[in-house]
Amino acid sequence: MFQLSRQPLAQPAGTDALASFTLAHLSDPHLGPLPPIRVADLLNKRFFGYLSWLRRRRALHRPEVLAALAKDLAVSNADHLVITGDLTNIALIEEFAQVEVWLQSLGSADRVTVIPGNHDAYVAVPWETTLAKWQAFMADEPNAGGQPRPPTGPDAFPFVRFRGPAAILGLSSAQPTPLFCAHGTLGEAQLHRLGQHLQKLGQEGWFRVVLLHHPPSLEGIARRKRLVDAEPFRKVIAEHGAELILHGHDHKFADVRIPAGRQSVPVLGVPSASAAHSGKKPQAHYQTYAIAREDGHWRIEVTARGLDPVSGRFAEARRYTI
């Protein structure tokens, strides 16, 4: 069983003496193979998703690639793992249970954080039999210290988890969409709560990491796949700030900035974690972010590790510092 290396104590950035904290990030694993399917499961949008799986996606998203990634991650010395959505393919009820087992194989719920993607809301599904199975990976333990049980369903987002110097804020842009659409929406209520969290956590000195599935881009992504309220999201970030924003969805690298006062917030995306081969999109990669405090500023060393198609193992692809 894969387990992340350490569990540092959560602490805000009071001084520059904080030890480096390493966050690992993967996205869009599209866990396969698909479980057995009933005809009744396909009497909706899933029918076309199933055809796509048979014709193309099952050859692209390979479980052996995810197994190789997990082995590499096990020796990466990361402190915490975040996964930014699209863990399922067509949101079958059985897929959510399958993903739950896979998440547990990566590590305990206090070592792994998950948010949903559009494929995890491929059609309207009941929370209790789907995303509720991942609840432990999307919130801190309920009733800890006499606190009330955390909300479920759409009201569960954004959640906040404290790990090392990082406050990890998980958003959900996942929603059922019409045929041939894959856009996402955060909504006014979630954005309002996000702003409140960012303001408070910023005042306390935390390294604020925002997770969402859809890239908050205003251009460069097809309308049918975009984050509908990208502009309101960017306004929240511009007003309250953040230290790092991570996403997936478009199965390729992204490194852009959102201006926030005198600073700019890095927005980083990664390819699919299970892509066995490259074409229009890169083959499988994940990234680690070594976070440290130096001279009153945050420093992030980004390392991308990608699949070597010859050896079938992951190796360092590039490294740079923000």
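Brief remarks on what is shown
- Note on the chain: GNM, Cα springs under 10 Å; of Asp41, Asp120, Asp86, the largest mean-square fluctuation is that of Asp41.
- Value of [θ]222 nm, deg cm²/dmol, for the chain, DSSP H segments ≥ 4, -39500 (n - 2.57) each, nearest 500: -6000 deg cm²/dmol
- Taking segment 172-302 and dividing mean pair separation by its residue count, relative contact order in percent (alpha carbons under 8 Å, at least six apart): 18 percent
- Reachable aspartates and glutamates, given that their alpha-carbon falls under 15 Å from the alpha-carbon of Lys200 and they are not under 8 places away in the same chain: Glu239, Glu243
- Net +/- balance of residues flanking Lys200 in space, Cβ distance below 13 Å, scoring K and R +1, D and E -1: +1
- Candidate cross-link partners of Lys280 among the lysines, defined by an alpha-carbon separation under 18 Å and a same-chain spacing of 8 or more, comprise Lys225, Lys252.
- Dipole magnitude for the chain: about 880 debye, using +1 per Lys or Arg Cβ and -1 per Asp or Glu Cβ, origin at the Cα centre.
- A simple rule links phi to the HN-Hα coupling: the Karplus curve 6.51 cos²θ - 1.76 cosθ + 1.60 with θ = phi - 60°, which for segment 206-221 gives 6, 7, 8, 10, 9, 10, 8, 7, 7, x, x, 8, 9, 8, x, 9 Hz, with x for Gly and Pro.
- Residues whose amide H lies under 5 Å from that of Ala260, counting only those 5 or more places away or on a different chain, are Val265; hydrogens are built 1.01 Å from N in the peptide plane.
- Taking amide H positions as modeled 1.01 Å from N, with prolines and chain starts lacking one, the residues under 5 Å from Phe314 and 5 or more places away or on another chain are Asp308.
- Derived scalar couplings between HN and Hα for segment 101-106 equal 5, 5, 4, 5, 6, 7 Hz in order, rounded to whole Hz, by the Karplus curve 6.51 cos²θ - 1.76 cosθ + 1.60 (θ = phi - 60°), x for Gly and Pro.
- With Cα atoms, 0 to 90° folded angle of helix 188-204 axis to the chain main axis: 30 degrees
- Note that segment 227-239 has calculated 3J(HN,Hα) couplings of 7, 4, 9, 4, 5, x, 4, 5, 5, 4, 5, 4, 7 Hz, one per residue in order, obtained from phi through the Karplus relation 6.51 cos²θ - 1.76 cosθ + 1.60 (θ = phi - 60°); glycine and proline are x.
- Taking all protein chains as they are arranged and a probe of 1.4 Å, the heavy atoms of Asp155 leave approximately 100 Å² accessible to solvent.
- Among 311-321, 272-282, the peptide with the highest mean count of other Cβ atoms within 10 Å heads the list, and the full ranking is 272-282, 311-321.
- Per-selection metrics, the chain (Cα): Rg and Dmax in Å: 18.6, 61
- In plain terms, the bigger the Kirkwood radius, the slower the diffusion; for segment 218-317, with that radius from Cα pairs, at 10 °C and 1.306 mPa s, Stokes-Einstein puts D at 104 µm²/s.
- For the options Pro126, Pro63, Pro165, a Gaussian network treatment of the chain with springs between C-alpha atoms closer than 10 Å singles out Pro126 as fluctuating the most.
- Of the trypsin sites (Lys or Arg not before Pro) in segment 13-115, those whose Cβ has at most 10 other Cβ within 10 Å and which sit in DSSP loop: Arg38
- Taking amide hydrogens as placed 1.01 Å from N in the peptide plane, the amide H of Ser108 sits under 5 Å from those of Leu4, each at least 5 positions away in sequence or on another chain.
- Apportionment of accessible area to carbon and sulfur, the chain, percent (1.4 Å): 54 percent
The values are calculated or read from the model by the stated rules, or taken from the named source; none is laboratory data. Treat the numbers as computed from the prediction; the structure is a model and nothing was measured. Note that each Cβ is placed from the backbone with ideal geometry, even for glycine, and that neighbours are counted across all protein chains shown. Note: accessible area is taken over every heavy atom of the protein model, side chains too, but ligands, DNA and RNA are not part of it. Shrake-Rupley method; radii C 1.70, N 1.55, O 1.52, S 1.80 Å.
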